[in-house]
Structures are given as structure tokens and as C-alpha cells.
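Engineer: Attaching a single structure in C-alpha cells format; questions to follow.
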Amino acid sequence: MRMRATVAAVSGALVLSALALPAAQADEGRSWTHDFSLQAPQKAQERMAARSLTSDTDLKITKAVVNGGKPIAVGTKSKKKVTVAVTATDDSGIAGAGAALWIGSDIESEDSFGFSQNEDNATCKAASATTSTCTLTVTVDPAWLINSDAASWHLAVAVAAKDGQLVEKTKFAKVKLQRFSKLTANAGPEPVKKGKTLTITGKLTRANWETGTYKGYTKQPVKLQFRKKGSSTYTTVKTVKSNSTGVLKTTVKASVDGYWRYSFAGTSTTPAVTAAGDFVDVK
């Protein structure tokens with residue numbers, strides 16, 4: 001198991017207490033430290049520093065959208081920048097927001113792990129004098145992930161109002177983190193005589209975060225599809241299961257010119273993927 005260092009994210013001029021949590025050490029040897037920094041007008045800073053978190057507030061977080069509402073698919077090398085848009089309302093207006101993506105039983109427990117917002121302030125756009133949507137970025141680094149992290153993650157959000165009020169929600173929403181997938185297709189021989197056997201091979205793989213490589217996704221149903229030359233529509237011909245190394249192989253009778261491809265519908269841990277069509281000339 002690769003060791004992970006401590007990650008921290010701090011931004012802005014004023015560090016607030018909301019979601020400023022101690023480092024948590026997981027069994028895998030990884031830890032995280034995160035401070036959420038919400039920028040507020042100078043006049044509100046004293047009130048913000050003195051105010052305790054309370055449920056008696058008119059500041060409300062009304063909506064949060066992670067990655068445009070889609071699951072987050074992460075590969076083996078490149079860091080994934082995830083956009084979080086937080087909408088909140090308060091009679092004084094919204095000063096700023098902070099967010100983190102995390103996994104575990106509780107955000108303060110030893111089994112928790114996550115990623116905080118990048119080291120920059122959220123950009124808040126006012127829809128009215130009381131309501132704003134604040135957009136920020138959280139970067140997910142695959143070097144820190146283990147394969148069991150392909151699951152539902154929590155979104156933690158903190159929002160500050162211009163009058164000094166502060167609200168935090170450690171489990172405001174959920175988002176799926178998935179292991180990025182790849183799929184290939186190759187049809188042959190090319191060209192092929194009409195009525196002869198055509199063999200279509202391919203391979204379904206997905207990110208293995210623990211080795212930093214792509215490994216075969218085994219025993220998965222994958223559709224073999226065909227598009228006739230001159231058509232824009234693919235039709236499913238049959239369903240093939242990947243073998244113990246993710247390899248796909250099947251045969252059909254060649255009839256007309258066209259494109260062959262494999263298409264995988266995806267699972268809860270792995271996104272859908274479709275191979276590029278491979279053209280076969282039928283003589």
C-alpha cells in the first residue's frame with residue numbers, strides 16, 4: 001500500500017471555525033487536514049470571530065451541485081478538478097463558501113478521508129440581494145485513492161453570510177466516485193468476404209488506483225453493436241461477457257459494409273464507456 005502524506009487547503013484572509021477539523025488517520029496510512037476559509041467584509045470579521053455555530057439563523061444552504069450532477073470518474077495519473085456550486089440565502093447576502101468531498105462513517109472519525117477545496121476563494125455570483133451561488137473547485141488526486149473508494153462520497157459545505165452568520169453541513173449531499181474505464185474494439189479480417197466469419201475482439205479495463213494502472217474488468221456484460229455504412233444508428237447484435245482479464249471476443253457472419261463496436265453500460269463503481277467503431281469492408 002502506498003503511503004499518503006497530509007493534505008491541507010487554506011484560502012482567503014479569514015479562517016472560520018466551520019469545518020476546520022483535526023487530521024484523521026485511516027487504516028491505509030493516509031490522513032487529511034482541512035480548514036475552510038470564507039472571505040467576509042472587514043466590518044463582519046469581529047462578529048464572525050465571536051459568533052458560535054447555532055441553528056438559530058436565517059442563513060440557509062439551499063442547493064449544492066457537484067461535478068454538474070454527474071458521478072466523478074477518476075483515472076490513474078491525472079488529477080480530477082471537480083466543480084462544486086453552492087447556493088445559499090441570507091437577508092444580509094452571502095459572503096463566501098467552502099466545501100470538501102469525503103468518505104467514511106463520520107467526518108471526524110479515524111476512518112474518514114477526503115479532499116478540501118483548492119487554495120482559492122469561492123467565486124460567488126448574486127442572483128438577488130439575499131441569494132448567491134458560490135462556485136469553487138476540489139481536486140481529487142488518484143495517487144491518494146484505494147479501489148474501495150469507488151463508492152458514494154459525502155459533500156461537506158460551509159457558508160458565511162455578510163452579517164457574520166455561519167452554517168456548516170458535513171453531509172449535505174452525496175456523489176459517486178468511480179474508476180475511469182476504457183474499451184476497445186477490433187473487427188477482422190479486413191476486408192472480409194460476404195458470408196464469412198468476422199471476429200470482433202476488444203478489452204474492457206478500468207483504473208486500479210492502488211497500482212496506478214488499468215486492469216481488466218472481468219465478467220461484465222458488454223454489447224456488441226453494428227452500424228451499417230451510410231447509417232447513423234448503431235444496433236445491438238448480441239451481449240458478450242468479458243473474461244478473467246477483461247478480454248472480449250465473439251464472431252458474426254459478415255453481410256454488409258459497416259462499423260463494429262463494443263458498448264459497456266457501466267456499474268455503480270465504473271462509468272459507461274463505448275469503443276470507437278471499427279469499419280469492415282465486405283466484398
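The values are calculated or read from the model by the stated rules, or taken from the named source; none is laboratory data. What you see is a predicted model, and the numbers here were worked out from it, not measured in a lab. Cβ: placed from backbone, ideal geometry, glycine included. Neighbour counts: every protein chain shown. Ligands, DNA and RNA are excluded from the accessible area calculation, which covers all protein heavy atoms including side chains. Shrake-Rupley method; radii C 1.70, N 1.55, O 1.52, S 1.80 Å.
Engineer: Exactly one of these conditions fails for ALA276: (1) in contact (Cβ under 8 Å) with a residue 40 or more places away in the chain; (2) closer than 22 Å to ALA151 by Cα. Give me its number.
Structural biologist: (2)
Engineer: In region 72-116, how many residues are charged (D, E, K, R) and more than 20 Å from LYS176 (Cα to Cα)?
Structural biologist: Total meeting the criteria: 4.
Engineer: Taking the options SER132, SER128, name whichever one is farther than 18 Å from LEU101 by Cβ, among the polar types (S, T, N, Q) and without any contact (Cβ under 8 Å) to a residue 12 or more places away in the chain.
Structural biologist: Result of the check over SER132, SER128: SER128.
Engineer: If you check THR139 against the conditions, is it in contact with a Cys (Cβ under 8 Å, 6 or more places away or on another chain), open to solvent by 20 Å² or more (accessible area, probe 1.4 Å) and either touching a residue at least 12 places away in the same chain (Cβ under 8 Å) or part of a strand (DSSP E or B) (or both)?
Structural biologist: The answer is no for THR139.
Engineer: If the requirement is being modelled with pLDDT of 95 or more and within 30 Å of ALA95 (Cβ to Cβ), which of these qualifies: ALA272, ALA185, ALA173?
Structural biologist: ALA173
Engineer: VAL192 fails exactly one of the following numbered conditions: (1) in contact with a strand residue (DSSP E or B) (Cβ under 8 Å, 6 or more places away or on another chain); (2) at pLDDT 95 or above; (3) under 30 Å from THR213 (Cβ atoms). What is the number of that condition?
Structural biologist: Going through (1) in contact with a strand residue (DSSP E or B) (Cβ under 8 Å, 6 or more places away or on another chain); (2) at pLDDT 95 or above; (3) under 30 Å from THR213 (Cβ atoms) one by one, VAL192 breaks only (3).
Engineer: Continuing with this model, one more query. Going by what's in this entry, would LYS203 be described as more than 15 Å from VAL273 (Cα to Cα) and either open to solvent by 70 Å² or more (accessible area, probe 1.4 Å) or not acidic (Asp, Glu) (or both)?
Structural biologist: no
Engineer: Let me ask something additional. If you check every pair at least six apart or on different chains, which have Cβ atoms under 7 Å apart with a residue in region 229-255 that is without any contact (Cβ under 8 Å) to a residue 60 or more places away in the chain first and a residue that is open to solvent by 60 Å² or more (accessible area, probe 1.4 Å) and part of a loop (DSSP other than H, G, I, E, B) second?
Structural biologist: Pairs found: LYS241/LYS219; SER242/LYS219.
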